[in-house]
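Before any comments, here is the structure.
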Ligand SMILES: Nc1nc2c(ncn2[C@@H]2O[C@H](COP(=O)(O)OP(=O)(O)OP(=O)(O)O)[C@@H](O)[C@H]2O)c(=O)[nH]1
Ligand SMILES: [Mg+2]
């Protein structure tokens, strides 16, 4: 059993690391790498994923890394603050982590006021918060500065993107493996324009570059939640509602061994094409495929992007399960129709598709349980 804070205040507090940032920036990838690194350092790690609905690819991906993962699903951390606390306590009671890594929903902002300050105020004896890290994808950052070309809805999405950077204690520019060295200065200056003086780290979570340095930095101390920003909740809500959201769990079966990876890639290609026809801009499409011969994830973070496949299925089989998470700038009805049509087309006449669960919706207006106007 863990020592209570009264018995030993120094060891009773769990280090809590929250990593925010927009959809597809690489939060789950970083959390998986960080969990691996912390475990190698002898730390006990627990992870918390978060989404507006059930059936999360992120949870499956992080479980693959062999760590304890709990979900806060159905609402974001700020709107489900009490559930976040419950899940943390549950993780602590059952698995005794000394570090918790948590990923808020990628379209969320105002986390300093609605999650970090309440955690500091209400749970000072339970959690030792690390500086709040926000991950950015350099390509999306450059887009977010092109205000002249944005309609109102795109501008609202970009508003969220900028607010995330403004409230960060620390910004990590991820995906530097794809960033030409000559563009680094442009990216750093863009972050400086949004929030002067923010410490910035460069990283490739995918290639593990910079992950240790970032961990060393945030574990060495430093205050958390040092910035509370003004957020216009009408614009924030409009930005979130611009996205169609879809989560589904699908069972696939066939009379003879089938190459499920090929089917998943066909599905994704069909979906990208179908969405493009309707001008549905992709924020993030994630798939997790599980079959007797292995598991794999496939991600696409832009409309024309090439899918990134990780993991493998060593052999064909007759059954597989597929988790689909799609976040696209299109109506939820159109998104669901596009997913169902692309799946049927990819399956063809020989594969049976059973959609076990599906939900598609627009995220509702954020209604945080707490909002602190002052830094605790
Ligand atoms: N090239 C490159 N790709 C990366 C890097 N980090 C993550 N990715 C890829 O970016 C895609 C999205 O990564 P995730 O970790 O799922 O992003 P996320 O921020 O958790 O996304 P949401 O949960 O939708 O908000 C995946 O294909 C990752 O493999 C990186 O450092 N370099
Ligand atoms: Mg994620």
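Read the figures in this text as sums done on the coordinates, not as results from a lab. Being a predicted model, the structure only gives us computed values, none of them experimental. Positions of Cβ are generated from backbone atoms using ideal geometry, with glycine treated the same way; all protein chains shown enter the neighbour counts.
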Check your understanding: Which value results for Rg/Rh of the range 213-348 when Rg is the Cα radius of gyration and Rh the Kirkwood radius based on the inverse mean 1/r?
Key -> 1.11
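With runs of 4+ DSSP H residues as the only contributors, calculate the mean residue ellipticity of the chain at 222 nm using -39,500 (n - 2.57) per run, divided by the residue total and rounded to the nearest 500. Walk me through the numbers on the way to the answer.
Working: 12 runs with 132 residues, N = 376.
When only DSSP H runs of four or more count, the value is -10500 deg cm²/dmol.
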Practice item. Set the Förster distance to 56 Å, then compute FRET efficiency between residue 269 and residue 89 from the Cβ-Cβ distance, nearest 0.05. Key: 0.80
Exercise for review: Treat the count of other C-beta atoms within 10 Å as a stand-in for reagent exposure and order 28, 235 from fewest to most.
Suggested key: 235, 28
Check your understanding: Considering the zone a paramagnetic label at residue 357 would reach in this model (a point 7 Å from Cα along the Cα-to-Cβ line), which residues of the range 238-278 have amide N under 11 Å from it?
Key -> 247-250
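Suppose a student asked you for the relative contact order of the chain, using Cα pairs under 8 Å spaced at least 6 residues apart; what percent would you report?
Taking the mean separation of contacting Cα pairs over the length of the chain, I get 20 percent.
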Check your understanding: What length, rounded to one decimal in nm, is gained on full extension from residue 229 through to residue 334, with 0.36 nm per residue of separation minus their alpha-carbon distance?
Key -> 34.4 nm
Review point. When a footprinting reagent is the concern and you count Cβ atoms within 10 Å, what order do 350, 209, 133 take, fewest first?
Key: 350, 209, 133
Revision key, fill the gap. Between residue 365 and residue 151, the FRET efficiency computed from the C-beta separation at R0 = 22 Å comes out, to the nearest 0.05, as 0.60
Check your understanding: When the C-alpha atoms of the chain are aligned to their principal axes, what extent does each axis show, in angstrom, from largest down?
Key -> 62, 54, 40
Practice item. Specify the angular offset, from 0 to 90 degrees and rounded to the nearest 10, of the alpha carbon long axis of helix 260-277 from the longest principal axis of the alpha carbons in the chain. Key: 80
Exercise for review: Compute the acute angle (0 to 90°) between the alpha-carbon long axis of helix 332-347 and the principal axis of greatest extent of the alpha-carbon atoms of the chain; round to the nearest 10°.
Suggested key: 50
Check your understanding: Can you list the residues of the range 344-369 with backbone N under 19 Å from a point 7 Å past the Cα of residue 256, pointing along Cα to Cβ?
Key -> 346-353
Check your understanding: Which angle between 0 and 90 degrees, to the nearest 10, do you get for helix 152-166 versus the longest principal axis of the chain when only C-alpha atoms count?
Key -> 40
Study note, to complete from the structure: In whole angstrom, the spacing between the Cα centers of the range 58-85 and the range 329-374 equals 18
Review point. Measuring from label point to label point, each 7 Å out along Cα→Cβ, what is the residue 277 to residue 126 span in nm?
Key: 5.0
